Amino acid sequence: MASAPASVLLGHRDTSHQFLKDLQDEYALASAAVVTARTGERIAQYADDVYDAELLGTIRSDNEAFLDTLDHSLEDATGAVAAEQPATAGELPIPDYEQLTDDQIATRLPELSPAQLSQIDAFERASTNRTTVLDRIKALSDPWPDYDDTNVHEIRARLRKQADPALAIRVMDYERRHQARPTVITTARRMSLA
C-alpha cells in the first residue's frame with residue numbers, strides 16, 4: 001500500500017501549497033499502484049494462479065481504500081489553499097460570473113488557462129461551492145501534478161507505462177486545449193484505445 005506524504009508522517013507542513021502538492025504526488029503514486037495491482041491480478045486470474053490473484057487483489061483493495069482517504073484529504077487541502085486568497089467575483093476571468101448558472105459557467109471553463117481555472121476553483125470553494133462547476137474544473141485540470149513541466153518523451157513514457165485509457169483521454173483532452181503537441185496527442189489517442 002502507498003504511504004502517507006512525508007510531511008504528514010513528520011507531523012508538519014512546509015506550507016499548505018507544499019502539502020497539497022505532496023498529496024497530489026501521493027495520489028498519483030497510489031493510482032499507479034492500483035493500476036499495476038489490477039493488471040497483475042488479471043494476469044494471475046488468466047493464468048489460474050489463485051494465490052497471486054488473491055494477493056494482488058488485496059494489494060489493489062488496500063490502495064483503493066488509501067485513494068479514498070487521499071481523495072478526501074486532497075479536497076480538504078485544496079479548500080484550505082483556495083481559502084487563503086480567494087478572488088472576488090469582479091476579478092474572475094468570466095464576466096458577470098455571479099449572474100451565470102452552473103451550466104453556463106461549466107461551458108466556459110474549457111477556454112480558460114490552468115491558472116484561471118485555479119482562480120475559479122478558489123472562488124467557488126470560498127463562496128457557493130457548486131458541485132457542477134468544481135467537478136468540471138477537476139476534469140479540466142492537469143492530468144498529473146507538474147504535467148506542464150513534463151517533456152514529450154516523459155509524457156509518452158508515462159502513458160505507455162501506466163497503460164490507463166482514462167489517463168490517456170485526460171492527457172489527450174488537456175493537450176488539445178493547451179499545448180497541442182502532435183506526438184503526445186497521437187500517443188494518448190493510441191493508448192486510449194488500448
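Scan region 39-67 residue by residue and report those that are of a type in the set (Lys, Arg) and either modelled with pLDDT of 90 or more or not in a helix (DSSP H, G or I) (or both).
Pass one, region 39-67, residues of a type in the set (Lys, Arg): 42, 60.
If the condition is that a residue be of a type in the set (Lys, Arg) and either modelled with pLDDT of 90 or more or not in a helix (DSSP H, G or I) (or both), then 42 is the only one that fits.
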Just one of (1) surrounded by fewer than 14 Cβ atoms within 10 Å (Cβ to Cβ); (2) at pLDDT 90 or above; (3) not hydrophobic (A, V, I, L, M, F, W, C) trips up residue 129, so point out which. (2)
If you check residue 135 against the conditions, is it part of a helix (DSSP H, G or I), touching a His at 6+ places or on another chain (Cβ under 8 Å) and acidic (Asp, Glu)? no
For the structure I just gave you, tell me whether residue 111 is modelled with pLDDT of 70 or more, charged (D, E, K, R), within 18 Å of residue 135 (Cα to Cα) and surrounded by fewer than 16 Cβ atoms within 10 Å (Cβ to Cβ). yes
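From the list 194, 188, which residue is of a type outside the set (Ser, Thr, Tyr) and outside any helix (DSSP H, G or I)?
Numbers: 188 fails: outside any helix (DSSP H, G or I).
From the options 194, 188, the qualifying one is 194.
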For region 97-127, enumerate the residues that are of a type in the set (Ser, Thr, Tyr) and either in a helix (DSSP H, G or I) or touching a His at 6+ places or on another chain (Cβ under 7 Å) (or both). 97, 107, 118
Of everything in region 20-71, what is acidic (Asp, Glu), within 16 Å of residue 164 (Cα to Cα) and crowded, with 18+ Cβ neighbours inside 10 Å? Give them in sequence order. 41
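Conditions tested, residue by residue: (1) closer than 21 Å to residue 30 by Cβ; (2) touching a Ser or Thr at 6+ places or on another chain (Cβ under 9 Å); (3) crowded, with 19+ Cβ neighbours inside 10 Å; (4) touching a residue at least 40 places away in the same chain (Cβ under 8 Å).
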{"site": "134", "(1), (2), (3), (4)": "no, no, yes, no"}
{"site": "141", "(1), (2), (3), (4)": "yes, yes, no, no"}
{"site": "151", "(1), (2), (3), (4)": "no, no, no, no"}
{"site": "170", "(1), (2), (3), (4)": "yes, yes, yes, no"}
{"site": "176", "(1), (2), (3), (4)": "no, no, no, no"}
Just the residues that are closer than 13 Å to residue 143 by Cβ, assigned to a helix (DSSP H, G or I) and of a type outside the set (Val, Ile, Thr), please, taken from region 163-185. 165, 166, 167, 168, 170, 172, 173, 174, 175, 176, 177
Failed item, numbered, when residue 126 is tested on (1) closer than 17 Å to residue 179 by Cα; (2) aliphatic (A, V, I, L, M); (3) out of contact with any Leu (no Cβ under 7 Å at 6 or more places or on another chain): (1)
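The values are calculated or read from the model by the stated rules, or taken from the named source; none is laboratory data. Keep in mind the model is a prediction, meaning the values are calculated, not measured. As a convention, Cβ positions derive from the backbone with ideal geometry for all residues, glycine included, and neighbour counts pool all protein chains shown.
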